[in-house]
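Here's the structure we're looking at; comments come further down.
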Amino acid sequence: MVERSSGGEIAVLVGLDFGEGGYAERLEELGLLAASAGIRTRAVVRGRRDRPDPALFAGSGKVEEIKRVLKEQGASLAIFDHALSPVQERNLEKALGCPVVDRTRLILDIFAQRARSHEGKLQVELAHLEHAAGKMTATCGLDVHKC
């Protein structure tokens, strides 16, 4: 889960247009999701690509722009409007010097904040673990479901 201080995390949203349609609506929804999670958005970095960069998702030039905007805005979190691979997430965190959250993790964090019943909390925790296991599987080449 995203760790937040009582004042709320400050973030920069990142959305790349791959020509799939609904780009503006997705970015607007990402801002609403961030607000629902108690995260304050200071800026949105937009870009257009034909396909994701395998290592950094956004490409080195766009990553430098994101890093600059994070610093200018005093933000300590980057939220991507896309699912990131474990390698992309790790590389982005290293390049940006801050935590990176993708859309799926943001949504899971919102559910975690709002779960009230014991069963609801367990279901959210299971979803977090399954999301993390998928990333570990991709990173390590292990099938954690067969262990």
Quiz item: Cβ-Cβ below 6 Å, separation at least six or inter-chain, first residue in the stretch 45-61 and without any contact (Cβ under 8 Å) to a residue 24 or more places away in the chain, second surrounded by 15 or more Cβ atoms within 10 Å (Cβ to Cβ) and not in a loop (DSSP other than H, G, I, E, B): which pairs?
Solution: Gly59/Asp53
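Given the residues Ser60, Ser85, which is the only one that is in contact with a Phe, Trp or Tyr (Cβ under 9 Å, 6 or more places away or on another chain) and not hydrophobic (A, V, I, L, M, F, W, C)?
Values: Ser60 fails: in contact with a Phe, Trp or Tyr (Cβ under 9 Å, 6 or more places away or on another chain).
The conditions single out Ser85.
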Practice problem: Pairs only if they're at least six apart or on different chains, beta carbon under 8 angstrom, first in the stretch 13-39 and under 21 Å from Gly59 (Cβ atoms), second surrounded by 16 or more Cβ atoms within 10 Å (Cβ to Cβ) and hydroxyl-bearing (Ser, Thr, Tyr); list them, first residue then second. | Solution: Leu13/Thr41; Gly15/Tyr23; Asp17/Tyr23
Quiz item: Tell me, which residue of the stretch 25-81 that is in a loop (DSSP other than H, G, I, E, B) and of a type in the set (D, E, K, R) is farthest from Val100 (Cα to Cα)?
Solution: Asp50
Exercise. Please specify each residue of the stretch 19-67 satisfying the condition of being under 16 Å from Ile79 (Cβ atoms) and of a type in the set (Gly, Ala, Ser).
Key: Gly31, Ala34, Ala35, Ser36, Ala37, Gly38, Ala43, Gly47, Ala58
Quiz item: For the stretch 56-109, which residues satisfy the criterion of being among the aliphatic types (A, V, I, L, M), more than 22 Å from Ala24 (Cβ to Cβ) and modelled with pLDDT under 95?
Solution: Val87, Leu108
Quiz item: Under 7 Å by Cβ, and 6 or more places apart or on different chains, what pairs join a residue from the stretch 101-119 that is closer than 14 Å to Ala34 by Cβ with one that is at pLDDT below 65 and not in a helix (DSSP H, G or I)?
Solution: Val101/Val2; Asp109/Met1; Asp109/Val2
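The values are calculated or read from the model by the stated rules, or taken from the named source; none is laboratory data. Nothing here was measured: the structure is a model prediction, and the numbers come from that model. Cβ atoms come from the backbone with ideal geometry, glycine included; neighbour counts cover every protein chain shown.
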